[in-house]
Amino acid sequence: MIKEAIKYLTELGIKPDERVVEIIDSDNKDRMFFIDDNGTAREVQPTNGRAQYELELNTLTGLVSYIQSNLERKDQQFFLQVVNEKKVTLSGLLESDGGRETLVVANAIVPRFAYGDFLDAEELIIAFQSKFTKTKDRDLILKVVGNVKEENVRQTGDNGVSQAVTIKTGIASADDVIVPNPVTLAPYRTFLEVEQPESNFIFRMKDGPTGAIFEADGGAWRNQAIINVREYLKAELAKEMETGRITIIA
């Protein structure tokens, strides 16, 4: 019958803004269809008052404040999903039409670092101080890079792990040192409210001198970062979780 109605309306040359058909289905539910210029019927889905766009945030603090304020969708239940180390979403429960409303998306702002690219000493020093948290190995690399005396990085005895460079150890003295490798570093790679996960890196130097670090943990740090974000949210939203308003998944 819907097909026949579509054909009939099309033949009458009904204007597009008048091509709306409302029917009652077998479940006694009202359904609305729009008929385009080609006579194709498309069902018009009710919006159910869904938000037209997500609120975009950049911190976990802002996300927690939004949830605790309880200004919108009062007394409704939500899923707080830690999508990855840099993204958390707040979504509602599954609706009757199969959709799910997303109210908030929090995306962490983290500094970029060119892993695997060889940088000169000045660039490395700035990057290690501004884009990495303080660790024992970070300070050791800074000491080596900041005191390299010769442009050439010695390759003698380089077994793929150890390298030797000459660094200044006093006003008129210099010593050969082994470049630390592998090293444990903690770059800023997730939300700043949580502890930055440490992971292993391969540190290599070349003539110039230049240096580069390469990730060496297979991306396992991401799992730890997700856990850190989850634990932070659990601590901050303990009351909301206890009442069942918020469920955290990661």
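Worth pointing out:
- Candidate set: the range 237-250, residues that are over 20 Å from the mean Cα position of the chain (by Cα) and not small (Gly, Ala, Ser); chosen: the one nearest to residue 81 (Cα to Cα): 246
- Taken over the range 217-241, the criterion of being of a type in the set (A, V, I, L, M), out of contact with any helix residue (DSSP H, G or I) (no Cβ under 8 Å at 6 or more places or on another chain) and surrounded by 15 or more Cβ atoms within 10 Å (Cβ to Cβ) is satisfied by 225, 226, 227.
- Among (1) farther than 30 Å from residue 220 by Cβ; (2) surrounded by fewer than 18 Cβ atoms within 10 Å (Cβ to Cβ), the one test that residue 101 misses: (2)
- Look at (1) at pLDDT below 95; (2) closer than 18 Å to residue 80 by Cα; (3) in contact with an Asp or Glu (Cβ under 9 Å, 6 or more places away or on another chain) and you find that residue 182 fails only one, number (2).
- Candidate set: the range 207-235, residues that are acidic (Asp, Glu) and not in a loop (DSSP other than H, G, I, E, B); chosen: the one farthest from residue 111 (Cα to Cα): 231
Matching residues to (1) touching a His at 6+ places or on another chain (Cβ under 6 Å); (2) among the β-branched types (Val, Ile, Thr); (3) within 20 Å of residue 221 (Cα to Cα):
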site: 108; (1), (2), (3): no, no, yes
site: 114; (1), (2), (3): no, no, yes
site: 125; (1), (2), (3): no, yes, no
site: 142; (1), (2), (3): no, no, no
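- Some residue of the range 199-206 being assigned by TED's automatic domain parsing to the domain that holds residue 141 and part of a loop (DSSP other than H, G, I, E, B): no
The values are calculated or read from the model by the stated rules, or taken from the named source; none is laboratory data. Only a predicted model underlies this, so the values are computations on that prediction, with no experimental measurement involved. Cβ: placed from backbone, ideal geometry, glycine included. Neighbour counts: every protein chain shown.
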